[in-house]
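Structure first, then comments.
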Amino acid sequence: MSDSEIRLGEFGFAGDDHVVPFEVDALDLRGRAVQLGPVLDAILPRHGYPEPVANLLAEVMALTVLLGTTLKFEGKFIVQTRTDGPVDLLVADFSTPHSLRAYARFDAERLEAAVAAGRTAPEELLGKGVLALTIDQGAFMQRYQGIVELDGASLEEVARTYFRQSEQIPTDVRLSVARQIVPGADGPVAHWRAGGLLAQFLPEAPERMRAADLPGGDDPNGDDGDAADGDDAWAEVRSLLATISPDELFDPTVGSERLLYRLFHEHGVRVFDSVAIEDDCSCSREKIRAILDGFTAEEITESTENGTIRVSCEFCSQHYEFDPAEFSAAR
């Protein structure tokens with residue numbers, strides 16, 4: 001093939017660990033698609049999560065990067081669950097422009113009992129509680145937090161509810177996770193895959209996208225649906241998204257661009273430069289030392305074991321050791 005011929009890479013396929021923004025002007029649609037692979041293989045094995053826990057955390061990570069990469073400023077987007085189920089805490093932390101970290105907490109005995117009883121659906125493992133979505137613009141800016149009740153719905157449904165209640169933007173979300181076993185030089189190797197797609201209806205005429213009043217609101221005709229449901233464009237978008245099979249979202253042989261083309265090629269889908277996602281924890285020795293330097297002498301003493309202060313990051317499992325004599329409160 002000559003240098004003048006088009007090579008596959010020149011089409012700009014983003015590949016794994018990239019969020020792909022897109023728009024379909026004919027349908028007044030804006031959105032993002034993502035496939036996560038190596039970043040999951042870097043984050044999930046650090047803690048040796050059981051498969052049901054890793055599956056949940058991977059889904060939260062996919063949702064987090066879809067939403068976090070929409071930020072137009074330097075800051076953080078954090079998705080966190082706090083529930084009463086066997087998996088009582090999930091948190092994914094995205095820092096612009098590309099840093100992702102995540103952590104899960106679970107009760108091993110309750111999880112084992114749930115698995116033995118076949119209660120492994122995400123809503124059963126999470127139980128009841130809340131999902132919090134936080135935008136943090138830094139030390140000198142006020143945080144914004146939206147909270148949605150977790151009452152047995154899937155994370156997809158909870159995300160849709162969040163946008164209807166907090167943003168009043170007709171939104172659809174699709175998420176899928178799988179642990180794939182592939183041949184390796186030394187035998188089968190497990191790899192994690194996750195995919196997601198976020199679609200939002202943003203017509204120029206605001207009355208076309210107006211969300212329905214929530215139950216108990218001022219509108220006596222308010223209901224649980226979206227007012228945009230009657231719009232032909234949004235109805236077509238939702239119908240097209242309903243055709244997505246779970247494996248299409250994470251299958252590397254499909255890819256984000258091919259999936260978007262399959263869904264929207266008749267209307268002319270446009271994709272933009274992708275945003276890379278990296279396993280990049282924000283912890284550092286300097287940051288932890290600064291925290292310890294603010295401890296009182298009593299707190300320094302209580303934190304010391306066998307003459308050393310040991311700190312481990314819950315996100316990346318990095319271990320740090322300090323000499324108590326380093327800190328002013330101990331002198």
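The values are calculated or read from the model by the stated rules, or taken from the named source; none is laboratory data. Everything quoted here is computed from the prediction, not taken from an experiment. Using ideal geometry, Cβ is built from the backbone for each residue, glycine included, and neighbour counts are taken over all protein chains shown.
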The range 246-278 - residue that is hydrophobic (A, V, I, L, M, F, W, C) and touching a Ser or Thr at 6+ places or on another chain (Cβ under 9 Å) and, of those, surrounded by the fewest Cβ atoms within 10 Å (Cβ to Cβ): Val271
Scan the range 78-90 residue by residue and report those that are in contact with a strand residue (DSSP E or B) (Cβ under 6 Å, 6 or more places away or on another chain) and buried (at least 22 other Cβ atoms within 10 Å of the Cβ). Val79, Thr81, Leu90
Pairs with Cβ under 6 Å, 6+ apart, first in the range 298-318 and surrounded by 12 or more Cβ atoms within 10 Å (Cβ to Cβ), second among the aliphatic types (A, V, I, L, M): Ile300/Ala329; Ile300/Ala330; Ser303/Ile309; Val311/Ile288
Sort through Glu156, Glu112, Glu123 and tell me the only one that's exposed (fewer than 15 other Cβ atoms within 10 Å of the Cβ) and outside any loop (DSSP other than H, G, I, E, B). Glu112
Test for Leu100: is it of a type outside the set (S, T, N, Q), crowded, with 18+ Cβ neighbours inside 10 Å, in contact with a helix residue (DSSP H, G or I) (Cβ under 9 Å, 6 or more places away or on another chain) and assigned to a helix (DSSP H, G or I): no
If you scan the range 130-152, which residues turn out to be at pLDDT below 80 and at negative phi? Ala139, Phe140, Met141, Gln142
Per the filter on the range 276-309, residues in a strand (DSSP E or B), touching a helix residue (DSSP H, G or I) at 6+ places or on another chain (Cβ under 8 Å) and within 30 Å of Phe22 (Cα to Cα) are Glu278, Asp279
